[in-house]
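The values are calculated or read from the model by the stated rules, or taken from the named source; none is laboratory data. This is a predicted model, so every value here is computed, not measured. So basically every Cβ, Gly included, is an ideal-geometry build from the backbone, and we count neighbours across all protein chains shown. Ligands, DNA and RNA are excluded from the accessible area calculation, which covers all protein heavy atoms including side chains. Shrake-Rupley method; radii C 1.70, N 1.55, O 1.52, S 1.80 Å.
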Amino acid sequence: MHTKRLIIALAIFAFAACGDDDEKTNNANNSNNANNSNNANNANNSNNANNTNNVEPICPEVTAFSDDCAITVGPCTTSELTVERIQTALIVDASDGDVVCFTDGTYDVREELSLDVPNVELRGQSRDGTVLDFTEQTSGANGLNVTSDGFAITTMTVRNTTGDGIRVSGANGVTFDNVRVEWTSEADENNGAYGVYPVQCMNVLIQNSIVSGASDAGIYVGQSSNILVKDNEVFGNVAGIEIENSTGAEVTGNYAHDNTGGLLIFDLPDLPAGSGKNTKAHNNRIIENNLPNFAARGAFVKLVPPGTGVLILSGDANEIHNNEITGNISVGVVIVSHFTIGQEPDDPTFDPYPESNYVHDNTFEGNGTDPQAIAFVIAGAAGEPDILEPLLWDGTTDDAKDNSDGSLTNCFMNNVDGDGNAVPFRDFDYAGNFMNVSTDLGDNECEGATLPGITLP
């Protein structure tokens, strides 16, 4: 291994390293002491205002707030009853096509919730007023775990889950609309990994939602197809939006700010869905994603440098255009092969080379001004550790493929600063041990293929 590649590998390594019975007893004592509302035995009931007057735990009657609510639930006076009421609604009472409504209130949920009934919508009365609060969660890997087609969740908040916020697996037809998923412990590696998390799904819509505090990705879509991610706000996550091993995604109108990385498009080995391609990311604001990386040790996104705007890793045929990419201190847009992260993939079906990507007509300002972690090493390899160009490519190509027609070339065109001037580019020549670093676009100044928008059924 040459010295500079060893420096890279070492830098990557260093960066990656970088009770219920008591309550019942107290209620019994209180029944014999109705005149003493301040009795010390009521201490365990301090979080249950209804019990201070010796009222048995209840689930109050609720009224539907919409005519199409087939089932309406509200928070109960204990977590146990709240979970029982919700799970009965989702597992026992709900039928194909039902709308299950949640009235405003804070629901103390301490167990993972699940749904496997098809074509069910979970609807809150208002996004910030209907809160499923998992702060005291003691069981389950997710907040809500869904395995049914035609699932929708709208107009509610999911807060402080132990693991992932809302996970939907293997479903055809998934909608997240006007949802908030958040962790209130900011930049904490113990926060759940993913906020909005459809995996191995088809026909996915994620819109008008807010996700913050995820220790991996706020909005993550993995091994899925026909995906529309639009008009969301993501902040305070390691990755704002991540599209992984997915085919046919449109990411548009989103505001990704104050994450470690704004938008990640990854292709990784050893996954059942195989390679992904064709993500169209346009008209997004990717602003000041400079948050220190707080991913858990060993998480793949631990490798993402703070200050990353858009990162394409081994992905093919993606189009990045008409975005505002501003104030990301490591890099604006970077395209790299899987080799650059210091790993040799052992999946024989995996193609580690990023090809046929098209980055054009974006506006850049103030990117690459203070490269962090691996980005700092890349800058230093060219003798300029204090600055990086806003457009980067690692220069790695597969010589076994025929690119005589230029169709595999990663193309960059019409990328400008706020004054309309062309922005700098760097091919940092990872494969050549940084010996032929070039800031000349050369053959990479070309017109690539444009992608259509996504249409959902």
Selection within the range 252-261 - in a strand (DSSP E or B), within 14 Å of GLY309 (Cα to Cα) and open to solvent by less than 30 Å² (accessible area, probe 1.4 Å): ALA256, HIS257, GLY261
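For the range 169-189, give me each residue that is of a type in the set (A, V, I, L, M), in a strand (DSSP E or B) and under 16 Å from ASP216 (Cβ atoms). Even if it seems obvious, please write down each step before you answer.
Our first condition is that a residue be of a type in the set (A, V, I, L, M); within the range 169-189, this holds for 171, 174, 179, 181, 187.
Filter once more, so that each one left must be in a strand (DSSP E or B): 174, 179, 181.
Hit for the range 169-189 is VAL181, nothing else.
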Yes or no: the range 305-315 includes at least one residue that is surrounded by fewer than 19 Cβ atoms within 10 Å (Cβ to Cβ) and either under 27 Å from GLY418 (Cα atoms) or among the β-branched types (Val, Ile, Thr) (or both). no
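Of all residues being among the acidic types (Asp, Glu) and surrounded by fewer than 21 Cβ atoms within 10 Å (Cβ to Cβ) in the range 231-251, which is nearest to GLU189 (Cα to Cα)? Just the residue, please. Can you show your working first?
Going residue by residue through the range 231-251, those that are among the acidic types (Asp, Glu) are 231, 233, 242, 244, 250.
From the residues that got through so far, the ones that are surrounded by fewer than 21 Cβ atoms within 10 Å (Cβ to Cβ) too are 231, 233.
Numbers: ASP231: 27, GLU233: 21 Å.
Top of the filtered list is GLU233.
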Failed item in (1) part of a strand (DSSP E or B); (2) within 25 Å of GLY129 (Cβ to Cβ), with GLY192 passing the rest: (1)
Out of all the residues in the range 98-124, which are open to solvent by less than 10 Å² (accessible area, probe 1.4 Å) and in a strand (DSSP E or B)? VAL100, CYS101, PHE102, TYR107, LEU113, LEU115, LEU122, GLY124
Taking the options LEU228, LEU264, name whichever one is surrounded by fewer than 23 Cβ atoms within 10 Å (Cβ to Cβ) and modelled with pLDDT of 95 or more. LEU228
Looking only at the range 152-174, decide whether some residue is within 27 Å of GLY105 (Cβ to Cβ), open to solvent by 30 Å² or more (accessible area, probe 1.4 Å) and among the hydrophobic types (A, V, I, L, M, F, W, C). no
Pairs only if they're at least six apart or on different chains, beta carbon under 6 angstrom, first in the range 445-457 and surrounded by 14 or more Cβ atoms within 10 Å (Cβ to Cβ), second of a type in the set (Phe, Trp, Tyr); list them, first residue then second. GLY448/TYR358
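From the list ASN178, ASN191, which residue is over 15 Å from the mean Cα position of the chain (by Cα) and open to solvent by 10 Å² or more (accessible area, probe 1.4 Å)? Break it down stepwise before answering.
Numbers: ASN191 fails: over 15 Å from the mean Cα position of the chain (by Cα).
Result of the check over ASN178, ASN191: ASN178.
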Qualifying strands (runs of 3 or more DSSP E) (wholly inside the range 267-370; at least 2 residues being among the hydrophobic types (A, V, I, L, M, F, W, C)): 285-287, 308-313, 331-336
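From the list LEU408, LEU388, pick out the single residue that is in contact with a strand residue (DSSP E or B) (Cβ under 6 Å, 6 or more places away or on another chain), in a loop (DSSP other than H, G, I, E, B) and either over 22 Å from VAL304 (Cβ atoms) or at pLDDT below 95 (or both). So that I can check it myself, show each step before the final result.
Working: LEU408 fails: in contact with a strand residue (DSSP E or B) (Cβ under 6 Å, 6 or more places away or on another chain).
LEU388 is the lone residue from the list that is in contact with a strand residue (DSSP E or B) (Cβ under 6 Å, 6 or more places away or on another chain), in a loop (DSSP other than H, G, I, E, B) and either over 22 Å from VAL304 (Cβ atoms) or at pLDDT below 95 (or both).
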